[in-house]
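Below is one structure, written out as structure tokens; comments come after it.
The values are calculated or read from the model by the stated rules, or taken from the named source; none is laboratory data. None of the values given here were measured: they were computed from a predicted structure. Cβ placement follows ideal geometry from the backbone for every residue including glycine, while neighbour counts extend to all protein chains displayed. These area figures cover heavy atoms from the full protein model, side chains too; ligands, DNA and RNA do not enter into them. Shrake-Rupley method; radii C 1.70, N 1.55, O 1.52, S 1.80 Å.
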Amino acid sequence: MDKVDLTVIGAGVIGLAAAAELAGEGREIVVVERHDGFGREASSRNSEVIHAGIYYPTGSLKARFCVEGRELLYRLSAEEGIPTRKIGKIIIALDERDLPALEDLKRRGEENGVGGLRLLSRAEVEKMEPNVRAAGGLFSSETGIIDSHRLMEHFEKRASASATFAYNCELTGLQRAPKGYLVVIRDADGEEYCFLSRVVINAAGVGAQEVAELAGIDTAAAGYTVYPCKGEYFRVRGGEGERTERLVYPPPTGISLGLHTVIDLQGGVKIGPNAFYVEGMDHTVDEGHLDEFFQGTRGYLPALNRESLTPDMAGIRAKLYRKGEPERDFVIRREDDRGFPGLVTLAGIESPGLTASPAIGRYVRSLVEDLL
Ligand SMILES: Cc1cc2nc3c(=O)[nH]c(=O)nc-3n(C[C@H](O)[C@H](O)[C@H](O)COP(=O)(O)OP(=O)(O)OC[C@H]3O[C@@H](n4cnc5c(N)ncnc54)[C@H](O)[C@@H]3O)c2cc1C
């Protein structure tokens, strides 16, 4: 039977970043991905924002890896020519009652090591973004946007020094063996293959719970129940008065950062994402949600026309908590203490996972390097 050193389940930005970090040194790596290429799920269906690291509880993995990942992304961009633009972001106060929340966010951001944060008056917001109406704002100069496809392409290329990419292959079995795991995968024709892998990285996004269950982890007890949470976007096909130059966010809600303007590298503008829990992986955008987008945005972008909004795309977040429950941190851990040596689980890698990806890749390497 074939033997490899390492298997990564999932070719999203997280699995690719981990494979890229672990490539080399004569290692044999397999990346298993059920779709026909990398990044077909959350990693290509997001706002492509390089977050500064403002929102996350100080000391959390989200805060740590967002700040580290952002710096690494800007460095990678300069060295490898991955398109990014540090366009900046303004979190606005919709009215005076939101102003204390902005002060809290500034304080928390600074505790997380985020530089370039500045509170803005109403007049300063309107000077920077003449189309926006707000009672004040928090400006983040370090926030930017990135071409996520090019980032994943870069990780895939680096990983390919050691990795075979098993695209169109779904993981169907993961069983402990004397020196690792027996990995079973099924290709698009229904053919099954198995091989032995010393180390396995579960970077399956929304599928992480299922992969952990295949290994035999009691996912309810471990807190690995994944609650898929959809986020839709509508494109703005309007005039100059209906756009912003920077990313403009309302204050965050419990389960999302709110309906914000999303600027892409070509200068196009979208509004999104909303947030609602779903079952399954349907990525269509419900046109019936147009009013939610229109009403949710025109409060701060008053010239926006309903007719300018058209359905664009949607992504699905891999959340570990439901509405009303406390937010959970990223889970990134070796499962040795549960009786699964050499198995690493990455669960709940929601936003800022794209930003954090290079830092998470490095961390995963540090977790398993002693086994390889
Ligand atoms: C709407 C939305 C907006 C976001 N905005 C931002 C943002 O602006 N900035 C930011 O930093 N982050 C953002 N994020 C978060 C970011 O996109 C994710 O954290 C990141 O993409 C997670 O990457 P991943 O590799 O863990 O997951 P995924 O990209 O979902 O990859 C997991 C892969 O595993 C594969 N897989 C699953 N099960 C199996 C199996 N059994 N066999 C084989 N393959 C399997 C899937 O097909 C998939 O390709 C956003 C997310 C969403 C949904």
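Is one or more of the residues making up the range 64-72 under 17 Å from GLY353 (Cα atoms), more than 14 Å from the chain's Cα centre (by Cα) and within 9 Å of the ligand (Cβ to nearest atom)?
Looking through the range 64-72, none of the residues is under 17 Å from GLY353 (Cα atoms), more than 14 Å from the chain's Cα centre (by Cα) and within 9 Å of the ligand (Cβ to nearest atom).
Would a scan of the range 291-312 turn up a residue that is within 12 Å of the ligand (Cβ to nearest atom), surrounded by fewer than 22 Cβ atoms within 10 Å (Cβ to Cβ) and outside the structural domain of ALA23 (by TED's automatic domain parsing)? Step through it out loud before you land on a result.
First pass over the range 291-312, keeping only residues within 12 Å of the ligand (Cβ to nearest atom): 312.
Okay, now just the ones that are also surrounded by fewer than 22 Cβ atoms within 10 Å (Cβ to Cβ), so 312.
Adding the requirement that they be outside the structural domain of ALA23 (by TED's automatic domain parsing) leaves 312.
Yes.
If ARG34 passes every condition in (1) more than 9 Å from the ligand (Cβ to nearest atom); (2) in contact with a strand residue (DSSP E or B) (Cβ under 6 Å, 6 or more places away or on another chain) but one, which one does it miss?
Every listed condition holds for ARG34 apart from (1).
Just to be sure, is THR219 touching a helix residue (DSSP H, G or I) at 6+ places or on another chain (Cβ under 9 Å), free of Cβ contacts under 8 Å to residues at least 12 places away in the same chain and more than 10 Å from the ligand (Cβ to nearest atom)?
Judged against the criteria, THR219 is a match.
Among the residues of the range 343-372, which ones are assigned to a helix (DSSP H, G or I) and either within 13 Å of the ligand (Cβ to nearest atom) or among the basic types (Lys, Arg) (or both)?
Filtering the range 343-372 down to residues assigned to a helix (DSSP H, G or I) leaves 353-371.
Result: GLY353, LEU354, THR355, ALA356, SER357, PRO358, ALA359, ILE360, GLY361, ARG362, VAL364, ARG365.
Looking at the range 145-250, what helices (runs of 4 or more DSSP H) fall wholly within it and have at least 3 residues that are open to solvent by 30 Å² or more (accessible area, probe 1.4 Å)? So that I can check it myself, show each step before the final result.
Working: elements: 148-159, 208-215, 219-222.
It comes to 148-159, 208-215.
The rows are residues; the columns are (1) near the ligand (Cβ under 10 Å from one of its atoms); (2) under 30 Å from LEU265 (Cβ atoms); (3) in contact with a Pro (Cβ under 6 Å, 6 or more places away or on another chain).
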site	(1), (2), (3)
ARG158	no, yes, no
ALA163	no, yes, no
LEU171	yes, no, no
ALA177	no, no, no
ASP187	no, no, no
VAL200	no, no, no
VAL206	yes, yes, yes
GLY238	no, yes, no
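ARG322 is checked against (1) part of a loop (DSSP other than H, G, I, E, B); (2) closer than 30 Å to GLY24 by Cα and fails just one. What number does that condition carry?
Going through the list (1) part of a loop (DSSP other than H, G, I, E, B); (2) closer than 30 Å to GLY24 by Cα, ARG322 breaks only (2).
Residues in the range 274-287: is at least one among the hydroxyl-bearing types (Ser, Thr, Tyr), assigned to a strand (DSSP E or B) and in the same structural domain as ARG235 (by TED's automatic domain parsing)? Reasoning before the result, please.
Keep residues of the range 274-287 that are among the hydroxyl-bearing types (Ser, Thr, Tyr), which gives 277, 284.
Those left that are additionally assigned to a strand (DSSP E or B): 277.
Restricting the remaining residues to those that are in the same structural domain as ARG235 (by TED's automatic domain parsing) gives 277.
Scanning the range 274-287, I find at least one residue that is among the hydroxyl-bearing types (Ser, Thr, Tyr), assigned to a strand (DSSP E or B) and in the same structural domain as ARG235 (by TED's automatic domain parsing), so the answer is yes.
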